[in-house]
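The values are calculated or read from the model by the stated rules, or taken from the named source; none is laboratory data. Because the structure is predicted, anything quoted here is derived from the model rather than measured. So basically every Cβ, Gly included, is an ideal-geometry build from the backbone, and we count neighbours across all protein chains shown. Side chains included, ligands, DNA and RNA excluded: accessible areas come from the protein's heavy atoms. Shrake-Rupley method; radii C 1.70, N 1.55, O 1.52, S 1.80 Å.
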Amino acid sequence: MRECLSIHVGQAGIQIGDACWELYCLEHGIQPDGVVLDSQHNQLENAKTEHTNASFDTFFRETRAGKYVPRALFMDLEPTVIDGIRTGQRRSLFHPEQLLSGKEDAASNYARGRYSVGSEVIDLVLERTRKLAEQCGELQGFLIFRSFGGGTGSGFTSLLMERLTGEYSKKTKLEFSVYPAPRVSTAVVEPYNSVLTTHSTTEHADCTFMVDNEAVYDICHHKLGVERPSYANINRLMVQAVSSITASLRFEGPLNVDLIEFQTNLVPYPRIHFPITTFAPIVSADKAYHERFSVSDITTACFESSNQLVKCDPRLGKYMACCLLYRGDVVPREANAAIAAMKARHSVQFVDWCPTGFKVGINNRPPTVMPGGDLAKAHQALCMLSNTTAIMQAWARLDHKFDLMYSKRAFLHWYIREGMEEAEFLEAREDLAALETDYEEAGQSF
Amino acid sequence: MSDTLTLDVIGRRVEVNGEHATVRFAGVVPPVAGPWLGVEWDNPERGKHDGSHEGTVYFKCRHPTGGSFIRPKKVNFGIDFLTAVKNRYVLEDELQEDGKEQTVTIGNKPVETIGFDSIMKQQSQLSKLQEVSLRNCAVSCAGEKGGVAEACPNIRNVDLSKNLLSSWDEVMRIADQLRHLEVLNLSENKLKFPSGSAPLTGTFSALKVLVLNRTGITWAEVIVCLCPPAHQMQVMPTDVLQTIKLLDLSSNQLIDENQLFLIAHLPRLEQLILSDIGISSIHFPDAGIGCKTSMFPSLQYLVVNDNQISQWSFFNELDKLPSLRALSCLRNPLTKDDKDTQTTRQLIIAKIGQLKTLNKCEILPEERWGAELDYRRAFGNEWKKAGGHQDLDKNRLSEEFLAAHPRYQFLCLKYGAPEDGELKRQPLMLKNQLLTLKIKYPHQLDQKVLEKQLPGSMTIQKVKGLLSRLLKVPVSDLLLSYESPEKPGREIELENDLKSLQFYSVENGDCLLVRW
């Protein structure tokens, strides 16, 4: 019951998805071919949770052969990345119909992803989605993984979201988006793609968790001792956050039992749905036992910008809503004490109009780490989702870059050529300007 | 605690208002009546004196303000293990009555807590506890015999850091009751040298991870703790802890490289973390240059960050480890130079052949290939000077070179000995790039042999053009070839006009033959 479908779009989405399912399998004791080892299966049953199998069911479907197949769809407009999954370690985990690839990619072009190349593939994708949705007893909603800067991630996703709203209007759609980093760029036209996709997707997504590469690079480099972080290192860290967010959906946990609760708790206005994710403790595996973090330590750490997965300074804004998801050996008494300690901090400022500032929950299962990975296994971990007006800085940065390029109409012809009009750019830009204003208004006091 | 002061109180670890200390003295301090405890604080600045009062020395401290006299009543001697576990994990009776969810307020904002009571219920089932964290819970003893084993025998992972355990014997008493113990963290406890009692059979039988950070323990003491005295057992001293896979000895400045041999024969040790111990060199005396040592047979991952490594010989020695796959060596004097991190990385890769991951970045085969080739070329001149020879049978390398570059021979076998052409590094001036060529005319016996300097990148077409102007012969009639003095009799035709002299490997001193 209450299944969740994950859709991974574009190279970023797929690579994060790969790391994500790897972690989920580790957490649930599923082997790379989808089979659960008997002894581990018993462990699951003996675990302290009552409805284990039901929670398990939200993300995996059990086939008659006893295999567990993820409820996921991977799609890309060109085959290279998906072929990596088709021939990789988890090739027997997924059904071949779940891995979709086109022939010609979007070439970092929103217009291609959305109009020309994307429109040819959308029907197939929707058909597969429908098939997966039919296998669910009661579909809760969708989790969409994508990047803002790429062609498929931006263009195709906006098309997909529109169509999903059309077909599944009542289902929640949560996004995990890779936001373009302030100083580390992968594509020159990222600002265009990001602005265009945000404009088209905002009304269709219910909540968008943003992560940016630069913040994660810095965390990997400084805190985890990785000399030159590769995408593998970065993705592994990001999926820890994803796992914490979905933990209460997969394991018995009292907080945020269904996807709609996320929206209710975190989103004050429909457009203000971009919380930032923070994770603690982030300790290198080599220093696993050096620093022992108590519950109050990790709570304090989550309010520091160095643990954030997006580059933005929360001290420059106000918090509108905050969800603290504790995992592991956390005693309620300690959680209460930690939160009480936060009240004394002046740097944590809330907006005047928000009634319940925090929502706290505990899940007994400690986070699992990839064996041989960079992150140390922690007894207690915390993932904080906070909706803060400071994220406006991220949008402002993006808009500024967009303006610089657009003022000279640079690179515009690539989009016009695929059938877009300049008017759409202006519209998108105005929409983002309005978003910035919305955030500003939300942060103002009475 | 009680007022009675027995002598066994000396040496115990206590806690006063969050500060930890060791009891050094118990008795009366005239002129003030009543019993006093003399303690040495962990924090050397916390005390008022160094153990002496009004001239009389009652106890010694290492630091002039390290000691104080305290009334026994004010001192917390700690609680036993089981009590600590119960304190943390068991629901107190009062709370059980309060079935409602607790609300906490922060400023004006109530905080909703959900499900805390069900969690509390679960955690209170001690016998199901597997992972227990008792950090800073003032645990000082094991409690009554068998109590722990009865209440929570399934504990696999216990964190006893920053407690009041004062001796290894006490630790053993606790560990003895936890037969499934896999992970034990004893950091920040000042443990006393063990009295020599051997661990009972079965203690630590499942131990996988042991953490002893900041315990002040010396290396010799660690060995005695881990290995019973040899004369009591017939087998190898390390028999007791055969299962240890990871050993983290970071930030213990008392370890020096010679003492590492004492753990060298742990058969299953896979990860060794030696960050910040001040190590600067390592030596495996049982292995010669280029051979593998029998020490650390299973060691796969070594961490030596934040040390004093400044010699390349360190990495040469690491090559001797048979199973080493991953290394982390950040923030050492040798590797600190920011400008050269790339070169340093390449050199380390080339020096340690079996390394697959360096500083948590995977070494791809292309990277290894590039690094090894660069290494071979970079030290090629030195190799020649040290007696290297193209024909590897004729090699007679100096001891010094072999010690500094033990893998060089292997690299030569793998990629071939470096050729002279590769090793020459002339400045990139144009005149160095010109080839001095002789030009002969085999069919015209009366023409002189010319010598010309031509750039290697000159195309055959242009050479023909030049010659045609010289000889007044049309270009299309000219046929060029060349021969090299090193290979006499062998003539190579230069038939493709569009290719350059370099393409045909025309070298300095070769002879161009022109026919028409």
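Listing for the model above:
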{"read-out": "Flag for B:LEU37 being surrounded by 13 or more Cβ atoms within 10 Å (Cβ to Cβ), assigned to a loop (DSSP other than H, G, I, E, B), at pLDDT below 85 and not small (Gly, Ala, Ser)", "value": "no"}
{"read-out": "Residue selected from segment B:60-77 under the condition assigned to a loop (DSSP other than H, G, I, E, B) and open to solvent by less than 20 Å² (accessible area, probe 1.4 Å), by the criterion farthest from B:ILE174 (Cα to Cα)", "value": "B:GLY66"}
{"read-out": "Residue match in segment B:392-400 (condition: within 19 Å of B:ASP319 (Cα to Cα) and either at pLDDT below 85 or surrounded by 12 or more Cβ atoms within 10 Å (Cβ to Cβ) (or both))", "value": "yes"}
{"read-out": "Any chance A:LYS170 is charged (D, E, K, R) and under 30 Å from A:THR278 (Cα atoms)", "value": "yes"}
{"read-out": "Segment A:110-124, subset open to solvent by 10 Å² or more (accessible area, probe 1.4 Å) and under 17 Å from A:THR165 (Cβ atoms), residue nearest to the chain's Cα centre (by Cα)", "value": "A:ARG114"}
{"read-out": "The lone exception for A:VAL351 - which of (1) under 26 Å from B:SER161 (Cβ atoms); (2) within 12 Å of chain B (Cβ to nearest Cβ) it fails", "value": "(1)"}
{"read-out": "Any hit, segment A:341-348, residues being open to solvent by less than 20 Å² (accessible area, probe 1.4 Å) and touching a helix residue (DSSP H, G or I) at 6+ places or on another chain (Cβ under 7 Å)", "value": "yes"}
{"read-out": "Residue that is most open to solvent (accessible area, probe 1.4 Å) [pool: residues in segment B:161-194 that are within 14 Å of chain A (Cβ to nearest Cβ) and over 25 Å from the mean Cα position of the chain (by Cα)]", "value": "B:LYS162"}
{"read-out": "Residue list for segment B:352-365, restricted to those being within 14 Å of chain A (Cβ to nearest Cβ) and open to solvent by 70 Å² or more (accessible area, probe 1.4 Å)", "value": "B:LYS356, B:GLU362, B:LEU364"}
{"read-out": "Criterion: at pLDDT 90 or above and part of a helix (DSSP H, G or I) - qualifying residue of A:ALA434, A:ALA410", "value": "A:ALA434"}
{"read-out": "Single residue of segment A:356-411 satisfying the filter (more than 14 Å from chain B (Cβ to nearest Cβ), open to solvent by less than 30 Å² (accessible area, probe 1.4 Å) and aromatic (Phe, Trp, Tyr)) that is nearest to A:PRO314 (Cα to Cα)", "value": "A:TRP395"}
{"read-out": "Residue check for B:LEU321: crowded, with 20+ Cβ neighbours inside 10 Å and among the hydrophobic types (A, V, I, L, M, F, W, C)", "value": "yes"}
{"read-out": "Qualifying residue in segment B:44-56 (condition: touching a residue at least 40 places away in the same chain (Cβ under 8 Å), surrounded by 14 or more Cβ atoms within 10 Å (Cβ to Cβ), among the small types (Gly, Ala, Ser) and in the same structural domain as B:GLU15 (by the TED database))", "value": "no"}
{"read-out": "Per-region count, segment A:435-446, residues open to solvent by 40 Å² or more (accessible area, probe 1.4 Å) and within 29 Å of the chain's Cα centre (by Cα)", "value": "6"}
{"read-out": "Meets criteria (within 19 Å of the chain's Cα centre (by Cα), over 30 Å from A:LEU126 (Cβ atoms) and in a loop (DSSP other than H, G, I, E, B)) for A:PRO182", "value": "yes"}
{"read-out": "Strands (runs of 3 or more DSSP E) wholly inside segment A:1-117 containing at least 2 residues that are at pLDDT below 95 and closer than 27 Å to A:GLU261 by Cβ", "value": "A:3-9, A:60-62, A:68-70"}
